[in-house]
1. With θ taken as phi - 60° and the coefficients 6.51, -1.76 and 1.60, list the Karplus ³J(HN,Hα) couplings across the stretch 189-197 in order, rounded to whole Hz; mark glycine and proline as x.
2. What are the aspartates and glutamates whose alpha-carbon lies under 16 Å from the alpha-carbon of residue 39, with same-chain residues fewer than 8 places away excluded?
3. Carbon and sulfur: what percent of the chain's accessible surface (1.4 Å probe)?
4. Let me check against my output: what whole-number percent is the relative contact order of the stretch 57-175, with C-alpha pairs under 8 Å and at least 6 apart?
5. List the chymotrypsin sites (Phe, Trp or Tyr not before Pro) within the stretch 95-141 that DSSP assigns to loop and that have no more than 12 neighbouring Cβ atoms inside 10 Å.
6. Using only the alpha-carbon atoms, how far is helix 487-506 inclined from the longest principal axis of the chain? Give it as 0 to 90 degrees, nearest 10.
7. Return the inverse of the average 1/r over all pairs of distinct C-alpha atoms in the stretch 261-407, which is the Kirkwood hydrodynamic radius, in Å to one decimal.
8. Using helices alone, I'd like the mean residue ellipticity at 222 nm for the chain: each DSSP H run of four-plus residues gives -39500 (n - 2.57), total over residue count, nearest 500.
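The values are calculated or read from the model by the stated rules, or taken from the named source; none is laboratory data. All values derive from a computational prediction rather than experimental measurement. Neighbour counts are summed over all protein chains in view; Cβ atoms, including those assigned to glycine, are modelled from backbone coordinates with ideal geometry. All accessible areas refer to the heavy atoms of the entire protein, side chains included, with ligands and DNA or RNA removed. Shrake-Rupley method; radii C 1.70, N 1.55, O 1.52, S 1.80 Å.
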Amino acid sequence: MKPTVSDIALPAGKALPVQKVVIVGGGSAGWMSAALLSKLLAAAGGPQPVAITLVESAQIGTVGVGEATIPAIKLFNQLCGIDEREFVQATGATFKLGIDFVNWGAVGERYFHAFGALGRQWEWLSFYQYWLRLCYDSPADQQPLPFEHYCIAGKMALAHKFMPADLTRPQSPVSEIAYAYHFDAALYAQFLRRHSEARGVRRIEGTISAVTRVPHNGHIHQLVLDDGRVIDGDLFIDCSGSRALLLGQTLEVGYDDWSHWLPNDSALAVPSETLGDLPPFTRSTAHPSGWQWRIPLQHRTGNGMVFSSGFCQSADASAQLLAALDSKPLAEPRLIRFTTGRRRQQWWGNCVAVGLASGFLEPLESTSLHLVQTAITRLVHLFPDLSFAKANIDHYNAQAATEMAQIRDFIIAHYKVTRRDDSEYWRYCRRMAVPDSLAQKLEIFAAYGRVHRVADELFREDSWVQVLLGQGLWPAQPDPLCRQKSLTETAGFAASTAAVIAACVDQMPSQQAFLAKLAAQPLR
Ligand SMILES: Cc1cc2nc3c(=O)[nH]c(=O)nc-3n(C[C@H](O)[C@H](O)[C@H](O)COP(=O)(O)OP(=O)(O)OC[C@H]3O[C@@H](n4cnc5c(N)ncnc54)[C@H](O)[C@@H]3O)c2cc1C
């Protein structure tokens, strides 16, 4: 029977507001949380301003990686009130138009996963369906160009060019340029710290040695530092990194381990000299037991090897990494261990985990900082009062679980859909069972190249298409609707799309020239 309003237990009265927020950790997650909360909670006003304290330990330090992002980061910076030019200067940032995947589908192959739209929608179908039709039905000497040529960000990346979207030309592809950043993680945290402290965030340097709990409900009560100082709060945000000091160690919320789907558990990170010409994209090169990232910054290049210790010794991974660098290393490779998966609840009682404390998906699609961003914005939308209503917390946890599972599936697809069988590692990936949600997506795509995407899913149809085709999953045939157009019309449509994009990109400055011009502009 449907419940009536009187059956539903509603709170008796107005609960007291949260007044003290304590953030544990000063890595990217901690300072991103502090920056956004100090901006939004201050903006919300109210009779009682929310006091924000952040505790970080120099003794423990940060993970020190996390330098490639996706376009939504621009919104985060805007919400924090950050000026783009100031940010680019302060963090050594470069622009990112997508990811170049080398040796993923098969050794010797490459494909580009570009941000933004792929071609133009034409009546009832997305561009890629017509492109598929040209691949299947055109003679060998009239095959279409690779995808990058039909996508403004992809074409710019190939040419190492950059400009932001020009919204004054709404009919042109330049109005649709989507981009993100590469930046120095340590400099980003320092930059956000300056912004946060200017808005009143109190920073405490010290190492937490004990956490006390409220006896009657188990909530976090106080943090005790190793020098005896005590910090209390109403709401605690656990940004303590993979040790998950509050949610994991203290509240004992369990962890779902996903390493059977994503077997990498280690990374070696090494900086190298800056690249002469700054490519505006991340490069991901697959190796026999993992993959290597290259992230170009203005003042250095970030590199790393992500691998599975079950298939590769770290000494071998280190040798492969160093041998494949494009510039001289500036330090010894640093080993980082991780377990792919997530905390079963991201919010328990008066504690919310953000960043590595909430779980981790390997950095293949640069999604971790995005998950930090969505966690904090979700928390703001569901900001609690001191009743810590269960329905509110359940809603937060359900949204977070769905989001992470969707991103997980996208990352698994890169491993599952490959023709590589040159090592035990790739043979394992090809054979492994995948989540039902992904199996269904792959089956639907394999038939007519259709992408089954749930509303709000982070990765759009164009992302799935570029990755699945790039990895080598070609559908049996394109959507039959594309045959409503003649082959000649379709070829003309594709050719004109590529020509317009090429003409736009021809006029653009290189990323290097764009950065130089940006640096010369006065701050707003
Ligand atoms: C190999 C690798 C590559 C990655 N690449 C990317 C990428 O390209 N893009 C991306 O988006 N993400 C990436 N990530 C993820 C990204 O690095 C993290 O999501 C991000 O740095 C956030 O980390 P964090 O702040 O949660 O943890 P950390 O950086 O580990 O910070 C933890 C903080 O907690 C503090 N702390 C811990 N214990 C205590 C204590 N007892 N007392 C006081 N303070 C304490 C520490 O002092 C520190 O300040 C990568 C991760 C890895 C492992």
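1. 4, 5, 4, 5, 4, 4, 4, 5, 5
2. Once the sequence-local aspartates and glutamates are set aside, what remains near residue 39 is 83, 197.
3. On the way: 12140 of 22260 Å².
Carbon and sulfur atoms account for 55 percent of the accessible area of the chain.
4. Working: 90 pairs, mean separation 21.0, N = 119.
Over the stretch 57-175, the number comes to 18 percent.
5. Answer in residue order: 124.
6. 60
7. Values: mean 1/r = 0.0583 Å⁻¹.
Value: 17.2 Å, from the Cα pair sum.
8. Numbers: 14 runs with 177 residues, N = 524.
Result for the chain, helices only: -10500 deg cm²/dmol.
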